[in-house]
Amino acid sequence: NLPGIGKSYANKLEKLEIETLQDLIYHFPFRYDDFSKIEQIREVTPGEKLSIQGTVWQIKNIRTRSGKFITNATVADQSGTIEIIWFNQPYLTKNIKAGTPISLSGKIDKEGNKLKMSSPQYEVLRPNDERLQPNQQTLHTGRLVPIYPETEGVSSKWLRVKIAQILPQFIKHAKDFLPQDVQKRQKLQPLQEALTKIHFPKNYEEVKIARERLSFDELFLMQFLSLSRKKNWEEERKSPKMEIKEEKLSEFITNLPFKLTDAQSKSVEEILADLNRERPANRLLEGDVGSGKTVVAAAAAYVAVLNGFDVLMAAPTEILAFQHQKTLQSLFEKYDIKI
């Protein structure tokens, strides 16, 4: 329903997982071209990546012997002139006319004694263009230019224009869900500022600050969703309360080929406390290779088996599954437990 999108562009945007207005605003740049340095033409030197702004003196298409086109232009400011060349873009002469104020960004090359820009980004200067943010004269040149993940038919230039059109209205109605005390404690900028500066920053420091806020949001929401699901899960589901048969468990631990470390013993106690409740539990047990994670899992599995349950142990690879099977068989060989 947005102006200039329609069904065709909607289908293309789906490939970028952009289906809503929010998806578009949250389609962030993955890098920036730094064309923020705007130089007078007489000050430019070969090899520099920069921007110049001036007026088109002349522009024409030249057809080569192979049938291709070279678009040649001369741009001038108060300090001098420079040659501009584009390849296979003859339509540019319809958009750019002699006398047009223009902004150009790219690399300065030298051919003989002449300086030129080949295939630069360009932008016709319209100071009162309603597309642009306040105090923003250009979108594609003369600034940190955002580069987005693209797909066929959807370029970064197209995305910049659409986001610039929509962003002011979006942030006007966007509610900052992050509590003020969290923002203050974490030294994070407001959401509206972060969204503006991730797309249209003045410098890399603004990018850094915006990324910190938006990255925090992502982690915050992931954690919030996880805790919310866990809470609902605990309220809606019940698990069987298992009896901890201390005598048999102590015998199992005593018969291990090694003594449990304090960390292993603590982990076993915490997991068994979970099994002794009528509430489903998830535990993440962390440790280096060989630190005894399998033995801790085996102790929990033994308690479940003593309560009449089957136990499933999953592994990410077939090799690891066989290793666990071998370990468990050695641990339970004295007991009537089938592995």
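The values are calculated or read from the model by the stated rules, or taken from the named source; none is laboratory data. Predicted, not measured: the structure shown is a model, and the values here were computed from it. We place every Cβ from the backbone using ideal geometry, glycine too, and count neighbours over all the protein chains shown. When the accessible area is computed, the model is the full protein with side chains, heavy atoms only, and any ligands, DNA or RNA have been set aside. Shrake-Rupley method; radii C 1.70, N 1.55, O 1.52, S 1.80 Å.
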Accessible area, 1.4 Å probe, largest first: how do Met242, Met313, Met117, Met222 sort? Met222, Met313, Met242, Met117
Can you give the calculated 222 nm mean residue ellipticity of the chain, where each DSSP H run of n ≥ 4 adds -39,500 (n - 2.57) and the sum is split over every residue, rounded to the nearest 500 deg cm²/dmol? -12500 deg cm²/dmol
I need the phi-derived Karplus couplings for the range 324-339: 6.51 cos²θ - 1.76 cosθ + 1.60, θ = phi - 60°, integer Hz, Gly and Pro marked x. 5, 4, 5, 4, 5, 5, 5, 6, 10, 5, 7, 10, 7, 10, 8, 9
Please report the Cα spread of the range 243-297 along all three principal axes, rounded to whole Å, starting with the longest. 32, 27, 15
Per GNM of the chain with C-alpha springs under 10 angstrom, the most fluctuating residue out of Pro240, Pro316, Pro29 is Pro316
In µm²/s, what is D for the range 181-220 at 4 °C and 1.567 mPa s, where D = kT/(6 pi eta Rh) by Stokes-Einstein and Rh is the Kirkwood radius from Cα pairs? 129 µm²/s
Would you pull out the residues with amide H under 5 Å of Gly80's amide H, same chain only if 5 or more places away, H placed 1.01 Å from N? Ile41, Arg42
Residue of Glu48, Glu212, Glu247 that the Gaussian network model of the chain assigns the largest fluctuation, springs spanning Cα pairs under 10 Å: Glu247
Debye calculation, C-alpha points only, no solvent: report log10 I(q)/I(0) for the range 200-339 at q = 0.22 Å⁻¹, in the same order as the q values. -1.43
Sparse-neighbourhood loop sites, trypsin sites (Lys or Arg not before Pro) in the range 204-255 - DSSP loop, at most 10 other Cβ within 10 angstrom: Arg237
Could you state the accessible area per residue of the chain in Å², with a 1.4 Å probe and every protein chain left in place? 64 Å²
Once neighbouring chains are kept in place and the probe is 1.4 Å, which whole percent of the accessible area of the range 23-120 is contributed by carbon and sulfur? 47 percent
For Asp217, Asp181, Asp33, write out the residues from largest to smallest accessible area, computed with a 1.4 angstrom probe and no ligands counted. Asp181, Asp33, Asp217
The correct ranking of Asp336, Asp77 by accessible area at 1.4 Å, largest first, is Asp336, Asp77
If the chain between Lys293 and Lys37 were fully stretched, how many nm would it gain, using 0.36 nm times the residue separation less the Cα-Cα distance? 86.5 nm
Can you pull out the trypsin sites (Lys or Arg not before Pro) in the range 142-185 that DSSP calls coil and that have at most 15 other Cβ atoms within 10 Å? Lys175
Alpha-carbon radius of gyration plus Dmax, which is the widest Cα pair, for the chain in Å: 32.1, 95
Keeping all protein chains in the complex and leaving out DNA, RNA and ligands, what accessible area do you get for Ser250 with a 1.4 Å probe, in Å² to the nearest 10? 60 Å²
The range 22-30 - phi-based ³J(HN,Hα) in whole Hz, Karplus 6.51/-1.76/1.60, Gly and Pro as x: 5, 4, 5, 5, 8, 8, 8, x, 9
Only loop residues by DSSP count here, and only those with at most 14 other Cβ atoms within 10 Å; note down the trypsin sites (Lys or Arg not before Pro) in the range 259-339 that meet that. Lys259, Arg277, Arg283, Lys334, Lys338
Computed ³J(HN,Hα) along the range 185-199: with the Karplus parameters 6.51/-1.76/1.60, θ = phi - 60°, integer Hz and x for glycine or proline, the list is 5, 8, 6, 10, 7, x, 4, 4, 5, 4, 5, 5, 7, 6, 8
To the nearest 20 debye, what charge dipole does the range 72-223 have about its Cα centre, counting +1 at the Cβ of each Lys and Arg and -1 at the Cβ of each Asp and Glu? 160 debye
Based on Cβ point charges of +1 for Lys and Arg and -1 for Asp and Glu, what charge dipole magnitude is obtained for the chain about its Cα centre, in debye rounded to the nearest 20? 1540 debye
Taking the Cα atoms only, what angle lies between the long axis of helix 293-306 and the longest principal axis of the chain, rounded to 10 degrees? 50 degrees
Helix 204-236 versus the longest principal axis of the chain: what angle, 0 to 90°, nearest 10, using Cα atoms? 30 degrees
